[in-house]
1. Calculate the spin-label point distance for residue 276 paired with residue 156, positioning each point 7 Å from the Cα along the beta-carbon direction, and give it in nanometres.
2. Between residue 190 and residue 9, what FRET efficiency comes out of the Förster formula 1/(1 + (r/R0)^6) with R0 = 45 Å and r the beta carbon distance, rounded to 0.05?
3. So, in nm, how far is label residue 132 from label residue 244 when the simple model puts each one 7 Å beyond its Cα toward the Cβ?
4. Please list 274-283, 289-298 highest first by mean number of surrounding beta-carbon atoms within 10 Å per residue.
5. Any idea how far the Cα center of region 173-193 sits from the one of region 61-108, in Å?
6. Once label points are set 7 Å from the Cα along Cα→Cβ at both residue 31 and residue 101, what is their separation, rounded to one decimal in nm?
7. Take residue 171, project a point 7 Å from its Cα along the Cβ direction, then tell me which residues of region 64-101 have their backbone nitrogen under 15 Å from it.
8. Take the alpha carbon atoms of region 10-60, find their center, do the same for region 260-288, and report the distance between the two centers in whole angstrom.
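No lab work stands behind these numbers, since they all come straight from the coordinates. All of these numbers come straight from a predicted model, not from anything done at the bench. Ideal geometry is used to build each Cβ from the backbone, glycine not excepted, and the neighbour counts take in all protein chains shown.
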Ligand code: 13P
Ligand code: SF4
């Protein structure tokens, strides 16, 4: 452990804070986090913490989700402009219009969305539980926002539901191509291909497994295979190697990087703790509505 990592941990103890990190964070940040996980694990963890301050190393919608689930806690996002372009692809006005068009439908919003979108939703989901959540929705017609690829994957798995898709997508996962997949399959025929459901639909159809980032960790641990091709943000490969040093990992095509996830440095984490910034604040009325959608998600899984 280097001097800065030790400094961060000392300050964290002094401030009685906890550090949560997403699986795509840079290695130095993952290494000092109390817990590293996918959106679902991080959401669930933030509901039951004893610490009063949460430093959330991820992107804004993740820190907002923690705040919605633990409104009395101080939730700090070390880099204010660490956003998620996918979450910004739908506005509250867009969703209100869509709800008017399909008044009987339930709205399921992917957790990669703003607090306002969650507040307008009936239930939220993450990549780990989207199919289960939609299956449990008590009506046939579902408006799924904002990710069209995850929404398509849900529709494919639940042919009895009528899913209305929104054309949002993740800029990082959109860059994986079917040519990447076919070339990698040829180069490593013995490897299992795991992809994230934000990838394009032709990739979801051709892969061996479609999983959230935590789902990939579980699959690699339990799989009899020793080589894996990973179709998601590159930070995941660091996490997979840490947990499975004896297994071999290849990127699907060239490595893909989410610049927003890489904005948070160890220095930012230190400054965040020191200055107690950037404190996530959300209108209490939005928190109240959004928490209903998030708590319903938890009750469905
Ligand atoms: P996970 O919940 O699978 O970690 O995904 C979050 C995300 O932003 C993927 O791009
Ligand atoms: Fe958003 Fe895509 Fe980055 Fe995930 S990888 S945080 S969906 S931009």
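1. Taking the simple label geometry, residue 156 and residue 276 are separated by 4.8 nm.
2. Rounded to the nearest 0.05, the efficiency is 0.65.
3. 2.1
4. 289-298, 274-283
5. Computed from Cα coordinates, the inter-centre distance equals 32 Å.
6. About 4.9 nm, to one decimal.
7. 81-90
8. Here the two parts' Cα centres lie 11 Å apart.
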